[in-house]
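Accompanying notes for the structure given below.
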Amino acid sequence: MVPGRFRFDRFMLDPANRRLTESGAPVDLNARYLDALALLVRNAGQLVTKERFLDEVWRGVPVTDEALTQCIKTIAPRAGRRCRQSAADRDGAQAWLSLYRGGGERQ
């Protein structure tokens, strides 16, 4: 694999070229959402705080909590996995993204 590219499931994320593919086919995500996905993938297994998410994805642009929620809701299905709302929400399906109220996101 080329350095700086990330493979997960049937997806390839190439942040430098701003491209997400699924089995070689392009996946449509806007630039901001690609930045968000890249942040989460680069920090797999780690908690990404809301503040860090805002700093690195929105870079000082004021946004509402609803904008953050919409970003995550858009990224999760396009990247092929369901999103789990909390650590307590364990229905047996594998989630690649867990949301922790008051804490942040963890991939």
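Laboratory data are not the source of any read-out in this text; all were calculated from the coordinates shown. Since we're looking at a predicted model, the values are computed, not measured. Positions of Cβ are generated from backbone atoms using ideal geometry, with glycine treated the same way; all protein chains shown enter the neighbour counts.
Annotation note: Cβ proximity below 6 Å between a residue of the stretch 12-35 that is in contact (Cβ under 8 Å) with a residue 12 or more places away in the chain and a residue that is among the small types (Gly, Ala, Ser) and assigned to a helix (DSSP H, G or I) (sequence gap 6+ or interchain) occurs for 15/38. Against the criterion of being more than 15 Å from residue 74 (Cα to Cα) and buried (at least 17 other Cβ atoms within 10 Å of the Cβ), residue 48 qualifies. Residues that are within 18 Å of residue 43 (Cα to Cα) and part of a loop (DSSP other than H, G, I, E, B) were ranked within the stretch 3-24; the one that is farthest from the chain's Cα centre (by Cα) is 3.
Checking each residue in the stretch 25-74 for being assigned to a loop (DSSP other than H, G, I, E, B) and not polar (S, T, N, Q) picks out 27, 28, 29, 44, 45, 59, 60, 61, 62, 63.
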